[in-house]
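Just below is one structure, and these are the notes that go with it.
The values are calculated or read from the model by the stated rules, or taken from the named source; none is laboratory data. Bear in mind that the values here come from a model prediction, so they are computed numbers and not experimental data. Don't worry about glycine lacking a Cβ; one is built from the backbone with ideal geometry, like all the others, and counts go over all protein chains shown.
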Amino acid sequence: MWVVDEDLPEYRARNAQIIGVSVDDVQSHEEFCDAEGIEFPLIADTDGSVSQAYGSWLGIRSLRHTYLINPDGILREIFMGVKPPIHSQQVLARLDELQE
């Protein structure tokens, strides 16, 4: 998921946990997080198994998808074809709807 840094407090206010998944290795993630100021965990899915389980695997990389999973582990929403400039606000709006 593409999260705008200033939106992180909004996710925390909704008790939402953000976890990123990428086929890059742990060192690459550390460098990326340091460079970009990312404050949420990134999973190093170097074999693509997590991406495969969620239908995002392309053989060498993962598609940019966002999955909303409720506290009971139930998949509630899938965002495909993520558009980074507006995505964070779309997810926050959907979280509000789901939490009503």
Search segment 54-79 for residues being over 15 Å from the mean Cα position of the chain (by Cα) and aliphatic (A, V, I, L, M), and hand back the single one that is farthest from Ala16 (Cα to Cα).
-> Ile60
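For segment 36-93: of the residues being of a type in the set (Val, Ile, Thr) and in contact with a strand residue (DSSP E or B) (Cβ under 7 Å, 6 or more places away or on another chain), which is nearest to Glu6 (Cα to Cα)? Full working, then the answer.
Narrowing segment 36-93 to residues of a type in the set (Val, Ile, Thr): 38, 43, 46, 50, 60, 66, 69, 74, 78, 82, 86, 91.
Now narrow it down to the ones that are in contact with a strand residue (DSSP E or B) (Cβ under 7 Å, 6 or more places away or on another chain): 43, 50, 66, 69, 78, 82, 91.
Details: Ile43: 22, Val50: 28, Thr66: 19, Ile69: 22, Ile78: 23, Val82: 19, Val91: 14 Å.
Among them, the one singled out is Val91.
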What are the pairs, 6+ residues apart or on separate chains, where a residue within segment 9-33 that is farther than 14 Å from Ala93 by Cα has its Cβ under 7 Å from a residue that is assigned to a helix (DSSP H, G or I)?
-> Ile18/Tyr11; Val21/Val50; Val21/Ser51; Ser22/His29; Val23/Ser51
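Table: residues versus (1) surrounded by 11 or more Cβ atoms within 10 Å (Cβ to Cβ); (2) of a type in the set (A, V, I, L, M, F, W, C); (3) at pLDDT 90 or above.
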{"site": "Val21", "(1), (2), (3)": "yes, yes, no"}
{"site": "Ala35", "(1), (2), (3)": "no, yes, no"}
{"site": "Ile43", "(1), (2), (3)": "yes, yes, no"}
{"site": "Gln52", "(1), (2), (3)": "yes, no, yes"}
{"site": "Arg64", "(1), (2), (3)": "yes, no, no"}
{"site": "Lys83", "(1), (2), (3)": "no, no, no"}
{"site": "Arg94", "(1), (2), (3)": "yes, no, yes"}
When segment 52-78 is examined, which residues are found to be hydrophobic (A, V, I, L, M, F, W, C), in contact with a helix residue (DSSP H, G or I) (Cβ under 7 Å, 6 or more places away or on another chain) and closer than 15 Å to Tyr11 by Cβ?
-> Leu68
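Looking at Ile19, Ile38, can you tell me which residue is closer than 25 Å to Leu98 by Cβ and touching an Asp or Glu at 6+ places or on another chain (Cβ under 9 Å)?
Unique residue meeting the criteria: Ile38.
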